[in-house]
1. Scan the range 66-82 residue by residue and report those that are assigned to a strand (DSSP E or B) and either surrounded by 22 or more Cβ atoms within 10 Å (Cβ to Cβ) or touching a Phe, Trp or Tyr at 6+ places or on another chain (Cβ under 9 Å) (or both).
2. Taking Q222 as meeting all but one of (1) under 25 Å from G233 (Cβ atoms); (2) within 22 Å of the chain's Cα centre (by Cα), write down the number of the exception.
3. Output the residues belonging to the range 302-319 that are assigned to a helix (DSSP H, G or I) and near ligand 1 (Cβ under 10 Å from one of its atoms).
4. Residue check: is K258 more than 21 Å from Y79 (Cα to Cα) and either more than 17 Å from the chain's Cα centre (by Cα) or open to solvent by 20 Å² or more (accessible area, probe 1.4 Å) (or both)?
5. Given the criteria part of a helix (DSSP H, G or I) and within 16 Å of ligand 2 (Cβ to nearest atom), does Y130 qualify?
6. Identify the single condition in (1) at pLDDT 95 or above; (2) touching a strand residue (DSSP E or B) at 6+ places or on another chain (Cβ under 6 Å) that K288 does not satisfy, given that it satisfies every other one.
7. Looking at (1) more than 10 Å from the chain's Cα centre (by Cα); (2) modelled with pLDDT under 95, which is the only condition G234 fails?
8. Need the failing condition index for T296 against (1) over 27 Å from P247 (Cβ atoms); (2) of a type in the set (V, I, T); (3) within 16 Å of ligand 2 (Cβ to nearest atom), just the number.
Amino acid sequence: MKKSKKESGAISSADVNGIPEDKEINTILKRIRIIGALAVLVILSLMVRGCGVFGGRKLIEYKETQSFFGSQVTIQCYYNKKTNIFPVIKKCWQRLSEIQISMNSRSSVGYVARLAESGFYGVQVPDDVYGLLEDSLEYSRLTDGAFDVTISPLVRLWRDAEAAGYVPDNVSIKIAKDKVDYRLVRLEEDNMVFLQKQGMKIDLGGIAKGYAVDAAAGILRQSGVEHFLIDAGGDIYCAGKQEGKIPWKVGVQNPAKKDALIDELKLTDKAVTTSGNYERFYEIGGKKFSHIIDPTTGYPQDLVQSATVIAPTAQEADAFSTALCVLGAKKGIDIINALDDVEAMVVQKKKDRVKIYKSKRYNDLR
Ligand code: AMP
Ligand code: MG
């Protein structure tokens, strides 16, 4: 599996695309919630500092939560006293803030907005945006186009349809769908990006939160912090061990039952992300439609209830969990089984029941 060339280690899709909206904040779900000491439903900013003998050595615990991308992002770490933790954490928040502006498709500033305005004529973007687009195109190829960052015209159509209160007609869906095709993104020298059809736009909502989590993880690692967990409301990276001694425990929410877990994972140096249709959706005429859209039909997917992916980086986990919702369990799990070091669990409707599908080595992480 191709790894990102960028920071190895950082955002949220309540819409990275999303300037946080009240509705989104209300629907922030804890798709994945940390079991035990981590309380992720913290409003605004929480700072905790504790000291103890963690993992046989004297480690200090630090935890802080801030709002980004319409989600609460929590950084929890165990560090030794030589580390000056406050500037490190500050650097993480600064980087998340930069990514939030640069990669947010609902913001009128930033590079996604510039690409929407003049991508047809070419836009020069910074290294991080260019690298993320390169990686996104690779995820599109690996998932047969199920993951597609040019999905924006369809996302906008369904978002507007929700506001108007009616399901889009076939003609509107066709017009929007014709502008969705990752193969028409041309990446050239000097970081130039061309969207080769008028009206094409980029939406990084399916990957930017994972990218942001990785960026923050990279900053912590470079600063010598080995044991930490970053939770961006469903996109999580677990480094080292909880309290420096045991693997981090992460619970996967049951898509059918609020506040119930469907599984529990034990993770070290891994990311886990869940995408699903139970938390964020468009509601039109009393019916709920997933916010994940199938680029081949132009309609929100309605088969998969949740897809959880564990991968070396949060970016990969984020892209693949979105893709699995479009691909469905059978095709999706086959793709995951062909990748090194990536595992998945898909909860999917089968007739009037719900079935759980897992990749080959998923159970090793339980
Ligand atoms: P996630 O919660 O990570 O699955 O991301 C969902 C978000 O990704 C949506 O709100 C859209 O912004 C975007 N999105 C929707 N459908 C797709 C798709 N087929 N490929 C890539 N991104 C998508
Ligand atoms: Mg995703």
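1. Step one: list which residues in the range 66-82 are assigned to a strand (DSSP E or B), which gives 66-68, 71-79.
Once the filter is applied, which keeps residues that are assigned to a strand (DSSP E or B) and either surrounded by 22 or more Cβ atoms within 10 Å (Cβ to Cβ) or touching a Phe, Trp or Tyr at 6+ places or on another chain (Cβ under 9 Å) (or both), the range 66-82 yields Q66, F68, S71, Q72, V73, T74, I75, Q76, C77, Y78, Y79.
2. Q222 satisfies all of (1) under 25 Å from G233 (Cβ atoms); (2) within 22 Å of the chain's Cα centre (by Cα) except (2).
3. Of all residues in the range 302-319, those assigned to a helix (DSSP H, G or I) come to 314-319.
A317, D318, A319, listed by residue number.
4. Working: more than 21 Å from Y79 (Cα to Cα): yes; either more than 17 Å from the chain's Cα centre (by Cα) or open to solvent by 20 Å² or more (accessible area, probe 1.4 Å) (or both): yes.
So K258 fits the description; yes.
5. Working: part of a helix (DSSP H, G or I): yes; within 16 Å of ligand 2 (Cβ to nearest atom): no.
It is false that Y130 is part of a helix (DSSP H, G or I) and within 16 Å of ligand 2 (Cβ to nearest atom).
6. With (1) at pLDDT 95 or above; (2) touching a strand residue (DSSP E or B) at 6+ places or on another chain (Cβ under 6 Å) applied to K288, the lone miss is (1).
7. The number of the failed condition is (1).
8. (3)
The values are calculated or read from the model by the stated rules, or taken from the named source; none is laboratory data. Since we're looking at a predicted model, the values are computed, not measured. So basically every Cβ, Gly included, is an ideal-geometry build from the backbone, and we count neighbours across all protein chains shown. Note: accessible area is taken over every heavy atom of the protein model, side chains too, but ligands, DNA and RNA are not part of it. Shrake-Rupley method; radii C 1.70, N 1.55, O 1.52, S 1.80 Å.
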